[in-house]
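This report refers to the structure that appears directly beneath it.
Coordinate-derived values only; no laboratory data. Bear in mind the structure is a predicted one, so any value in this text is a computation, not a measurement. Positions of Cβ are backbone-derived with ideal geometry, glycine not excepted, and every protein chain shown enters the neighbour counts.
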């Protein structure tokens with residue numbers, strides 16, 4: 001996760017060519033809360049150092065495609081929704 005960009009797509013393209021589910025012509029992405037301790041390994045670089053500083057008990061928001069693949073981790077729910085819309089996706093909440 002890059003501290004300067006709240007949303008990162010993994011892979012190439014906008015996702016339009018990746019077969020996402022859609023609603024009203026826009027790709028659906030699913031946003032759910034997740035504890036930082038559950039994804040702590042994903043926040044470490046190859047040397048085991050943290051790429052971002054975050055408390056293990058902090059709540060993050062994980063953005064997923066229709067297959068459940070995580071596209072991004074965001075520190076704020078509203079920012080996760082805003083970033084998804086910025087990338088012309090329709091975010092929905094999953095609990």
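Here is how the numbers come out for the structure above:
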read-out	value
Where labels lie 7 Å past Cα in the beta-carbon direction, separation of residue 39 and residue 79 in nm	1.2 nm
Value of Rg to Rh for the stretch 20-93 (Rh from inverse mean 1/r over Cα pairs, i.e. Kirkwood)	1.02
Relative contact order of the stretch 20-93, pairs being alpha-carbon contacts under 8 Å that are 6 or more residues apart, as %	39 percent
